[in-house]
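These notes are about the structure you will find just below.
The values are calculated or read from the model by the stated rules, or taken from the named source; none is laboratory data. It should be emphasised that the depicted structure is a prediction, and the values quoted were computed from it without experimental measurement. Cβ placement follows ideal geometry from the backbone for every residue including glycine, while neighbour counts extend to all protein chains displayed. Accessible surface is based on the protein model in full, side chains and every heavy atom, while ligands, DNA and RNA are left aside. Shrake-Rupley method; radii C 1.70, N 1.55, O 1.52, S 1.80 Å.
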Amino acid sequence: QVLLVESGGGLVQAGGSLKLSCAASERTFANYAMGWFRQAPGKDRESVATISWSGSTSYHADSVKGRFTISRDNAKITVYLQMNSLKPEDTAVYYCAAQRRRYWTPTMIIDYWGKGTLVTVSS
């Protein structure tokens, strides 16, 4: 069974940093586009950042641009989300996702989801 397992969430004060990790269970994920999404209480799930299979292309939502950075290490089949200058409005469950294509395509379905990791930012 294909799995995406997130880790690194927790409680942090505003202005602090966290680094999320998403480990894939199969080496084929090294060929897939990956992304991070988040869902705050009472809100819809939203895209935070995506990255191509090689890491050459990435996208960051305007709300996190300049503060968050997505990256990947295909040797470890792991995708990261470095989050700096955290704000209380970043509080959410963060989900890792994958598409079975090399470049993230927002109009296409997301093939795999992790179970999420909770990030809480206190003011």
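What to note about this one:
- With contacts taken as Cα pairs under 8 Å at a separation of at least 6 residues, the range 8-123 carries a relative contact order of 36 percent.
- Measuring nothing but protein heavy atoms, the accessible surface of the chain at 1.4 Å probe radius is 50 percent carbon and sulfur.
- For the chain, the residue among Tyr95, Ser123, Tyr112 whose Cα projects farthest onto the positive side of the dipole built from Cβ charges is Tyr112.
- Gained length - Arg67 relative to Asp111, 0.36 nm times residue gap less alpha-carbon distance: 13.1 nm
- Rolling a 1.4 angstrom probe over the protein heavy atoms with all chains in place gives the chain an accessible area of 53 Å² per residue.
- Within the chain, DSSP assigns beta bridges of which about 90% are antiparallel (rounded to the nearest 5).
- Nitroxide proxy distance, nm - points 7 Å out along Cα→Cβ at Glu46 and Glu89: 0.7 nm
- With the convex hull of the Cα atoms taken as the outline of the range 12-123, the averaged projected area works out to 6.6 nm².
- Label-reachable residues, the range 80-123, where backbone N falls under 16 Å from a point 7 Å from Gln13's Cα toward its Cβ: 85-88, 120-123
- Neighbourhood net charge (13 Å Cβ-Cβ; Lys/Arg +1, Asp/Glu -1) for Tyr32: +3
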